[in-house]
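Every number here is computed from the coordinates shown, using simple stated rules; none is lab data. Bear in mind that the values here come from a model prediction, so they are computed numbers and not experimental data. Cβ placement follows ideal geometry from the backbone for every residue including glycine, while neighbour counts extend to all protein chains displayed.
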Amino acid sequence: MATVKIIIGDQNDNRPRFLSSSYKRTVSELTGPLSFILKVEAEDEDSDDTLAYSLDPEAVKDFSINDDGNIFLRDKVSQR
């Protein structure tokens, strides 16, 4: 099992918050590279704010995240 830390970037007064306190997904060994894993969502009280999602540096070798909060598997799941 792996835990992935997701960071939300923000430029204004109010801190963004995730819409869920945690997100969990099981990824099978049969899941192919570039497969969609899950979507994380956050909101910010600053009405003119654009959120920027990023992953903890340790997670980027296995996962990627786009501007919409969609997380994808980079490569096949490996046994560790």
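Tabulated values for the structure
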{"item": "Length released on extending from L34 to D75, taking residue separation times 0.36 nm less the Cα-Cα span", "result": "14.1 nm"}
{"item": "Segment A42-K24, extension gain: residue separation times 0.36 nm, minus the distance between their alpha carbons", "result": "4.9 nm"}
{"item": "Residues whose placed amide H lies under 5 Å from that of L55, excluding near-sequence neighbours", "result": "I7"}
{"item": "Candidates per GluC sites (Glu not before Pro) in the stretch 21-80, loop by DSSP, up to 10 other Cβ within 10 Å", "result": "E29"}
{"item": "Sequence-distant residues sharing a close amide H with V77 (under 5 Å, placed H)", "result": "T31"}
